[in-house]
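The block underneath contains the structure these notes are about, expressed in structure tokens.
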Amino acid sequence: MTASSSDSAKKPRIVVCPACGGSSVYGPGNPFRPFCSERCKGIDLGAWASEQFRMPVDAPPDEPFGDPKLQ
């Protein structure tokens, strides 16, 4: 191992918290990673539970005369 690779193994990796944008330690010492705190993790979980994160859906065009199967 070189000196530079052993130094990088000792430094904690700092990432941006996806909820608040603050600094967060990404490592085994942070049980909430990638979030900075339990609060930010809970906010993100609540957003998922309330379906705030959605995939865009291409809705089919509205039929001007309704469902053709019913006619």
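Going by the structure shown, is residue 28 in a loop (DSSP other than H, G, I, E, B), at pLDDT below 95 and under 29 Å from residue 11 (Cα atoms)?
yes
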Self-check item: Whichever residue in segment 1-25 is open to solvent by 40 Å² or more (accessible area, probe 1.4 Å) and touching a strand residue (DSSP E or B) at 6+ places or on another chain (Cβ under 8 Å) and, among such residues, is modelled with the lowest pLDDT
Solution: 12
Exercise. Count, please, the residues in segment 40-60 that happen to be surrounded by 12 or more Cβ atoms within 10 Å (Cβ to Cβ) and basic (Lys, Arg).
Key: 1
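The values are calculated or read from the model by the stated rules, or taken from the named source; none is laboratory data. None of the values given here were measured: they were computed from a predicted structure. All Cβ positions, glycine included, derive from the backbone under ideal geometry; neighbour counts span all protein chains shown. The protein model used for the area step is the full one, side chains on, heavy atoms only, and it has no ligands, DNA or RNA in it. Shrake-Rupley method; radii C 1.70, N 1.55, O 1.52, S 1.80 Å.
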